[in-house]
């Protein structure tokens, strides 16, 4: 595969949630680097027992993937939210947007 439009959203705030194993582990052949695939398997295995070591591995994997450039981000979503001056406790989540259950109105 030379090019594809793929979307990936992290489902959990860990390093492994931001690097899609399905795309980078050689199983679907979108991108296959066996050294990186082995490192991802080691990082996933360490995640439950040694998160600091796993995070260090994920950081190295991220740098290796950046150097290989198999993934190109075409855009970053941006959004503007407007609220009344009577609204308090405005909180924004990168994935879900405005946290409506946290707002209060005078």
Report task. Determine the calculated [θ] at 222 nm for the chain from helices alone, applying -39500 (n - 2.57) to every DSSP H run no shorter than 4 residues and normalising by the residue count; nearest 500 deg cm²/dmol. Result -> -11000 deg cm²/dmol
Requested in this report: Give the label of the value calculated from the structure for volume of the Cα convex hull per residue in Å³, choosing from (1) 138; (2) 98; (3) 84.
Outcome: (1)
Report summary line: Largest fluctuation, 81, 11, 50 only, Gaussian network model of the chain with Cα springs under 10 angstrom, belongs to 81
Query raised in the report: So what is the relative contact order for region 15-68, in percent, with contacts set as C-alpha pairs under 8 Å and at least six apart?
Result: 29 percent
Report summary line: Fewest to most Cβ atoms within 10 Å: 27, 85 sort as 85, 27
Query raised in the report: Of the residues 57, 74, 65, which exhibits the maximal mean-square fluctuation in a Gaussian network model of the chain defined by a 10 Å Cα contact cut-off?
Result: 74
Query - Segment residue 84-residue 44, length gained on full extension (0.36 nm per residue, minus Cα span) - result: 9.9 nm
Report summary line: If 44, 63 are placed from fewest to most neighbouring beta carbons inside 10 Å, the sequence is 63, 44
Report summary line: Most fluctuating of 46, 78, 34 in the GNM of the chain (C-alpha, under 10 Å) is 78
**Report entry** Sequence of 20, 84 once ranked by neighbouring C-beta atoms within 10 Å, starting from the fewest
**Finding:** 84, 20
**Report entry** Hull shadow area, averaged, region 22-63 [alpha-carbon convex hull, nm²]
**Finding:** 2.7 nm²
Query raised in the report: Against the longest alpha carbon principal axis of the chain, how many degrees, from 0 to 90 and to the nearest 10, is the axis of helix 34-47 turned?
Result: 50 degrees
Query raised in the report: Tell me, in nm to one decimal, what length is gained between residue 101 and residue 74 on full extension, where the rule is 0.36 nm per residue of separation less the Cα-Cα distance?
Result: 6.5 nm
Report summary line: For the chain, longest principal axis from Cα atoms; helix 51-68 axis from its Cα atoms; angle between them, nearest 10 degrees, is 80 degrees
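Any read-out appearing in this document is the output of simple, stated calculations on the displayed coordinates, not a laboratory observation. This is a predicted model, so every value here is computed, not measured. Cβ atoms come from the backbone with ideal geometry, glycine included; neighbour counts cover every protein chain shown.
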